[in-house]
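The values are calculated or read from the model by the stated rules, or taken from the named source; none is laboratory data. These numbers come from a predicted model, not from an experiment. Here the Cβ is made from the backbone with ideal geometry for all residues, glycine too, and neighbour counts use every protein chain on show. Remember, those area values only see protein heavy atoms, side chains included, never the ligands or the DNA or RNA. Shrake-Rupley method; radii C 1.70, N 1.55, O 1.52, S 1.80 Å.
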Amino acid sequence: MEHAFTPLDCLLPAGNLKFCLLILNQPFNKGHFHCLWSKATLRACADGGANRLYHVTEGSQDSFLPDYISGDFDSIQPEVKEYYMVKGCELIETMDQDLTDFTKCLQILQKKIEKKNLQIDLIVTLGGLGGRFDQTMASVETLFHATNITPFPVIVIQECSLIYLLQPGRHKLRVDTGLEGTWCGLIPIGNSCESVTTTGLRWNLKFEIGSVGNSCHLRPLVISEDDDCFAD
């Protein structure tokens, strides 16, 4: 079965994908934020992500109220927490320390999608790829958890990077939005990939084993002039 997906459709003003937005506690591109916020079906903050939302919308916070904020609330600033509480935003405390605030926020999001019967195609996460390396890897781990939490694709965007976990199978990634750069990377995480084949790249892989330590999968892969990239 082929999985077709346009990763950057969510950043197009006229994009067709319907999505929910989840904001993490890391700096993010203000332009990306406004585009995503205006199009999102449901909007959430994971703990200190509320700080980021509050400060990036300074002077107009009333127009940018999230549907809920969740976490153990060790990162959210007291004045920010108080502000959103007074404004009637739902605050959900999740004290489980075995999971990250990102993962717990995603669990709540899926329940709300089901309860409200929302028709969406995607979950977009803003932040999560900057700052401390362990936090970046925690974002990657959450993408693995996400496969057991939600049936929807989950992407993480920050500045010039976007990550998306490819499940076993054939994937068609459309790269014709005009927002893409000239490179991408295929990085094996968790287990080795027994056979990796691509088309649409300048230098494609063919039946290669993907594993950490195999440098051919960690170098930048240059996108060709094709509109689509395929990965098996």
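A few points about this structure:
- Largest accessible area first, the residues K115, K206, K30 order themselves as K115, K206, K30 under a 1.4 Å probe with ligands, DNA and RNA left out.
- Dipole magnitude of segment 1-97 about its Cα centre (Cβ charges: Lys, Arg +1; Asp, Glu -1), debye to nearest 20: 460
- Net charge of Cβ neighbours under 15 Å - reference L11; Lys, Arg +1; Asp, Glu -1: -1
- Span per principal axis, largest first, for the Cα atoms of the chain (Å): 57, 39, 33
- Neighbour cut-off at most 12 other Cβ (10 Å), DSSP loop, trypsin sites (Lys or Arg not before Pro), segment 72-105: K87
- Rounded to whole Hz, the Karplus (6.51, -1.76, 1.60) HN-Hα couplings of segment 151-165, x for glycine and proline: x, 8, x, 10, 10, 10, 10, 8, 6, 9, 10, 9, 10, 8, 7
- Alpha carbon convex hull of segment 159-211, volume per residue in cubic angstrom: 100
- Value of relative contact order over the chain, rounded to a whole percent, pairs C-alpha under 8 Å and six or more apart: 20
- Rg and Dmax [Cα atoms of segment 1-93; Å; Rg one decimal, Dmax integer]: 14.3, 49
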